[in-house]
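Encoded as structure tokens, the structure appears first; notes follow it.
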Amino acid sequence: MTTKADGAFRTISEVSEMLDVPAHVLRFWESKFSALSPLKRNGGRRYYRPDDVELLVKIRDLLYRDGYTIKGVQKLLSSGAGASVATSSSKKSETATADFEQALQMLLEVRTQIGEMKSRLTA
């Protein structure tokens, strides 16, 4: 497949492949998200603008990665919070991982201290 310019319109099959989402799911999302309106040409053939693809990426990430429902994503997008949620979600994930590692390290230290106390009490 030839590569297109970043600003080029994309067909539903190209977007489906790019996002690893079946074409019927993209058509379903069109019915649920009014902000998503690809250009339709002869015979109903869809052409997605770069902004449409960007919105689809946000929708996919919120649904599949972050666990939102369709209604939840609709509310986020209508309130304008969708962009900040999608971008901050990965930051939250990194912070959560760091917090987990820090907590694990503290627990290991406490475990070691308890082992030392136990040894002193039994000696």
Would you order K58, K71 from fewest to most other beta-carbon atoms within 10 Å of each residue's own beta-carbon?
K71, K58
Give the order of D6, D99, D61 when sorted by the count of other beta carbons within 10 angstrom, beginning with the fewest.
D6, D99, D61
What residue among R49, R60, R111 shows peak mean-square fluctuation when the chain is described by a Gaussian network model with Cα springs under 10 Å?
R111
Springs between alpha-carbon atoms under 10 Å, Gaussian network over the chain: tell me which of T11, T112, T69 tops the mean-square fluctuations.
T112
In whole Hz, with x marking every Gly and Pro, tabulate ³J(HN,Hα) for the stretch 36-41 from phi via Karplus 6.51 cos²θ - 1.76 cosθ + 1.60, θ = phi - 60°.
8, 9, x, 6, 10, 10
Each label point is 7 Å from the Cα along the Cα-to-Cβ direction; what then is the distance between the points at T3 and K71, in nm?
4.3 nm
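List V73, V110, V53 from most exposed to least, where exposure is judged by having the fewest other Cβ atoms within 10 Å.
By the 10 Å Cβ count, ascending: V110, V53, V73.
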Label selected from (i) 37, 17, 14; (ii) 55, 13, 10; (iii) 48, 15, 12, the criterion being semi-axes √(5λ) of the Cα gyration tensor in Å as computed here
(iii)
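Considering Cα pairs under 8 angstrom that are at least six residues apart, work out the relative contact order of the stretch 10-89 and quote it in whole percent.
It comes to 25 percent, rounded to a whole number.
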Could you work out the helix-only [θ] at 222 nm for the chain, with each DSSP H run of four or more residues adding -39,500 (n - 2.57) and the total divided by the number of residues, to the nearest 500 deg cm²/dmol?
-21500 deg cm²/dmol
Would you mind calculating the gained length between R27 and L108 on full extension (0.36 nm times residue separation, minus the Cα-Cα distance), in nm to one decimal?
24.1 nm
Calc'd 3J(HN,Hα), the stretch 70-80, phi into Karplus 6.51 cos²θ - 1.76 cosθ + 1.60 (θ = phi - 60°), Hz, glycine/Pro = x, comes to 4, 4, x, 5, 4, 5, 4, 5, 5, 8, x
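Throughout, read-outs are computed from the coordinates displayed, never taken from laboratory work. Just so it is clear, the structure is predicted and the values come from calculations on it, not from any experiment. Cβ atoms come from the backbone with ideal geometry, glycine included; neighbour counts cover every protein chain shown.
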